[in-house]
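Below: the structure, in structure tokens.
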Amino acid sequence: MSQFLRLITHYSLLILIILIQACKPKEVVLPNETELITTVKLSFTDSSNVGNILTFVFRDIDGAGGNAPTQFDTIKLNSNKTYTMKLVLLDESKTPTDSTSNEVLEEGIDHQFFFNISSGLNITTSYQDLDANSKPIGIQSKWETGAIANGTATVVLKHQPGIKDGNQATGETDVEVVFPVRVE
Amino acid sequence: MLHLRNIFILISILIIGINFSYAQNCKLTLSGTITDRDTKEPLPYASVALKGTKHSAVADSSGGFSFQNLCPGTYIVECTHIGCHPIEDSLTLIESEQIIIHLPHQAHVLEHITVCEKKDDIDKTKVMATLQNRDLFETRGLTLGEALKKITGVTTLQTGPSISKPVIHGMHSNRVLMMSNGVRLEGQQWGSEHAPEIDPFLAKEISLVKGAASVRYGSDAIAGVVLVNPAAMPNNQKISGEILLTGNTNSQGGTVSGILEGNFKKVSALSWRVQATAKRNGNTRTPNYWLKNTGNTEVNFSAALAYHKDTWGIDVFYSQFNSKIGIFAGSHIGNLTDLENAIARQTPNDTSGFSYTIDRPYQKVQHNTAKLSAYLLTGTSGKLSYTFSFQNNHRREWDKHKPLNDSLAALNKPEFDFHIFTLNNELIWESNNYRNFTSSVGASWMFQNNYTEGRYFIPNFISHNAGLFFIQKYKKNKWELEAGIRGDYKYLLANVKNGNTFPSETLSWKNMVFDVGGSYEISHSVTTRINFGKAWRAPAVNELFANGLHHGAASVEVGNKNLKLESAYNLTAEIDLKVKELLRVNLSAYTNFINNYIYLQPVLPATLTISGAFPTFDYRQANALFMGIDADARLKVLKPLYLLGKASLLRAENRNTAGFFPMIPANRYEGGVEIKPGNWKVLSDNYFKITGLYVSRQSLALSLIDYAPPPPAYYLLNADLGGSIKLKHNTLNLGISVQNILNTRYRDYMDRFRYYADAAGINVLLRVQFVFNN
């Protein structure tokens, strides 16, 4: 029986050591953040007045859930103009800010932006860039405004790895922001 | 820590204080009944003997026998009966025991494995079901969740073909406790796509306690407990074991599993067992298309050592579980619009041919378990046992979309990375039978540490869980009664995300639960059982603090730190009718009143994110009433022909809103025919079974908010065929199962992939088991 008691004693000591270790409060470590798109920035250059650049932003610094977006602009454009629109996606939760749109451009064959203009709003859009397979991407596009009207423009980025087909319903949504629009 | 050391000294004194002083206690009794293994009918006048001793007896007219004045030790029980193969099995006696000996009576009996089965006292008054022998063999090659579906009242919560969790009486995840080889499984069980990390091939039997079982097993056992038990450690000088191979046509994969065990020649008290399983499957095929990226692999192994002396013993066990599971590519979606598009499609837009390749999205899980247990006979009064276990669960999940940044993508880091570490201690003292009373008293303590990386979903936390329980049993003649009480305390410290900081939140709960039950044998063929108990669980960490995006479900889940503990009052009644081999009926009915039942409630407005709107769900509480019936029947029509029938009905009501809850399984009915033609050439114990399964539409969910209405009812046809070849010391078991024979297209309400794709089509499963030196 003494053999058994010895075992018990040794074992209890072992448990005690584990206990002491386990009871120490753990230090809080910031979880390793994964990639995030926090910001969609649209820059419109008026073709008749190149110095006039209008910029509109959607910004949600803490990503999905949590706090509400901190900036959500209304797109205000002049009527009967032609604009060149450049799109920038940023991760502003990191320092330095990461420009995600460059990576979308690199992976152009797997991505496409779509612009859905609400009916009644007099805007027509067209792509001004192409990927390696000569399919549009949409980082740069042309927006032509007509008469004065209000409505919405939805900016959608689709991830379509190996299945890019120009169809907005295909694939997985990376970005979808519904901007209010005023053509004045 | 000083006071903790004092507690240990105190415990040590207690252990030593209990009566050690005896030499050999030769007053043990071994009694039991001999039954026909097939019909479970008692076999009168069989002879039983303890080999190598003078103890031998002839069973009475009801199959009963008894040996008195036995010393503790290992005995070989030999049993013979006219028309039976004589059987032998070893049994280590450390206390007076009751056993049931199943004798293979007629020639058509298939099972060869178990001969002696211990009556587990704890569960006699509870409603239980067990898968073993042929029933268990028929589930080989299936996941643990799918295997449990064989038990009436159990369904599964699925995430496609490869991930399934058991649902008992409509409840799952945190409300179902899993005990694997005596260790309470602690993984990230809160997730509906987090399958149990248990290798079912380790099990010799899988049992299920239906209903509340918090007193014995601790908090969380509101729906029931799944017990995955390996065989008792061997007592045989020869090395014995088994090899099991399974293969399936649908996902063109299979498993290889093996067990080896024996005793050390020089130290006969020392026995060992090693076990390993490897599994690989490719994409699953639905009747019309392949599900892209649904392959999976699994590699598991375990080792056990036992040192059992007459009055004490020590067991050591270690196991590792590894799985890599591909998630159907079409199920990972960006936002609500994508989900609506996916539902509108007849066929997923991203299908493929057959492949074993596992690509994003996928999950990888590793689960390590180490266990040390010891027992000590405390004189003639009882037995003290202690179990210590350590578990480390590491779960990683990769989203479909790899990072756009090339250098980040090259690291291939998982988007979710969860580590949970659990220490569990349990000390129990069980008394021997004293004037028909037995008692057990126990204490348990569990410590957990959770650490997460990647996208935030649940916080890092530590928790402590301590419990004390007392169970009293009374057994006389046809009565068996049991009552138990337990108190628990739980403490949780979590670092909850708030912007970019992680302040600590502290919570604690305490609760008392009880349990009373009894069984009464009305007559030789009718037994009734009734159990009333209270069970509880503290809100899980995801219910309290989750806050984030779930791509698989296209939803944002928001926890609520003000949730109260959930407590359930469970009443279960069962009647068991056996009329010889002619008829067997088992009927059980249950009600579960759950106060503060936690569920997910959709809320408006949807969460606005950069990738669009996401439906948002809050964790809420309401009082719930679950009630249902499980029925099981078997009728002999002619000599080799049997009719089988099963039904499980369930209704879950929200008593606050007079409405219903989402994700409650629909009613199921099963009927079939089984033919046992006896022996054919070298093949013995042959059987053929064909069953039809009808699952009705979950019409109670029609009024609930959901992305898509519950799918229509469906009907499936399944078949099983099997037999065995018996050699002198070895046995070869063979089996074929065909699932979904008609290749029916269907979707199940409890499958989270029902929004995106059909369920699996026809599948032929083959299994071969070679058992040697048994």
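The values are calculated or read from the model by the stated rules, or taken from the named source; none is laboratory data. Because the structure is predicted, anything quoted here is derived from the model rather than measured. Glycine also receives a Cβ, built like all others from the backbone with ideal geometry; neighbour counts cover every protein chain displayed. Accessible surface is based on the protein model in full, side chains and every heavy atom, while ligands, DNA and RNA are left aside. Shrake-Rupley method; radii C 1.70, N 1.55, O 1.52, S 1.80 Å.
Quick look at the values:
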| item | result |
| --- | --- |
| Residue selected from segment B:391-418 under the condition part of a helix (DSSP H, G or I) and facing chain A (nearest Cβ under 8 Å), by the criterion most open to solvent (accessible area, probe 1.4 Å) | B:Asp406 |
| Residue check, B:Tyr456 in a loop (DSSP other than H, G, I, E, B), within 9 Å of chain A (Cβ to nearest Cβ) and open to solvent by 20 Å² or more (accessible area, probe 1.4 Å) | yes |
| Conditions (1) of a type in the set (Ser, Thr, Tyr); (2) open to solvent by 20 Å² or more (accessible area, probe 1.4 Å); (3) in contact with a Ser or Thr (Cβ under 8 Å, 6 or more places away or on another chain); number of the one not met by B:Tyr217 | (3) |
| Positions within segment B:321-339 being aromatic (Phe, Trp, Tyr) and either closer than 14 Å to B:Tyr356 by Cα or at the interface with chain A (Cβ under 9 Å from one of its Cβ atoms) (or both), in sequence order | B:Phe328 |
| Any hit, segment B:359-380, residues being more than 28 Å from B:Leu185 (Cα to Cα) and of a type in the set (Val, Ile, Thr) | yes |
| Residue, modelled with the lowest pLDDT, within segment B:61-90, restricted to residues that are exposed (fewer than 14 other Cβ atoms within 10 Å of the Cβ) and closer than 16 Å to B:Leu103 by Cα | B:Gly83 |
| All positions within segment A:78-98 that are buried (at least 16 other Cβ atoms within 10 Å of the Cβ) and within 12 Å of another protein chain (Cβ to nearest Cβ) | A:Leu89, A:Leu90, A:Asp91, A:Glu92, A:Ser93, A:Asp98 |
| In segment B:389-407, the residues that are in contact (Cβ under 8 Å) with a residue 12 or more places away in the chain and in contact with a helix residue (DSSP H, G or I) (Cβ under 7 Å, 6 or more places away or on another chain) | B:Lys400, B:Lys402 |
| Check on A:Phe179, over 25 Å from B:Asp406 (Cβ atoms), at pLDDT 90 or above and away from chain B (no Cβ under 11 Å) | yes |
| In segment B:132-179, the residues that are assigned to a loop (DSSP other than H, G, I, E, B), of a type in the set (S, T, N, Q) and either at pLDDT below 90 or within 15 Å of B:Ser648 (Cβ to Cβ) (or both) | B:Thr152, B:Ser162 |
| Segment B:572-590, subset in a strand (DSSP E or B) and among the basic types (Lys, Arg), residue surrounded by the fewest Cβ atoms within 10 Å (Cβ to Cβ) | B:Lys578 |
| Set B:Phe772, B:Phe688: member being surrounded by fewer than 17 Cβ atoms within 10 Å (Cβ to Cβ), in contact with a Leu (Cβ under 7 Å, 6 or more places away or on another chain) and of a type in the set (Phe, Trp, Tyr) | B:Phe688 |
| Single unsatisfied condition, B:Gln320 versus (1) more than 21 Å from the chain's Cα centre (by Cα); (2) closer than 30 Å to B:Gln237 by Cβ | (1) |
| Residue identified as of a type in the set (D, E, K, R), within 30 Å of B:Asn531 (Cα to Cα) and free of Cβ contacts under 8 Å to residues at least 24 places away in the same chain among B:Lys204, B:Lys149, B:Lys165, B:Lys210 | B:Lys149 |
| Only listed residue being assigned by TED's automatic domain parsing to the domain that holds B:Ile705, within 30 Å of B:Gly334 (Cα to Cα), surrounded by fewer than 20 Cβ atoms within 10 Å (Cβ to Cβ) and of a type in the set (Ser, Thr, Tyr), chosen from B:Tyr569, B:Tyr599 | B:Tyr599 |
| Some residue of segment B:505-514 being within 14 Å of chain A (Cβ to nearest Cβ), among the charged types (D, E, K, R), within 24 Å of B:Lys490 (Cα to Cα) and open to solvent by 20 Å² or more (accessible area, probe 1.4 Å) | yes |
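Okay, residues lined up against (1) within 7 Å of another protein chain (Cβ to nearest Cβ); (2) at pLDDT 75 or above:
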{"position": "A:Phe4", "(1), (2)": "yes, no"}
{"position": "A:His10", "(1), (2)": "no, no"}
{"position": "A:Ala22", "(1), (2)": "yes, no"}
{"position": "A:Glu35", "(1), (2)": "yes, no"}
{"position": "A:Lys41", "(1), (2)": "no, yes"}
{"position": "A:Ile61", "(1), (2)": "no, yes"}
{"position": "A:Thr70", "(1), (2)": "no, yes"}
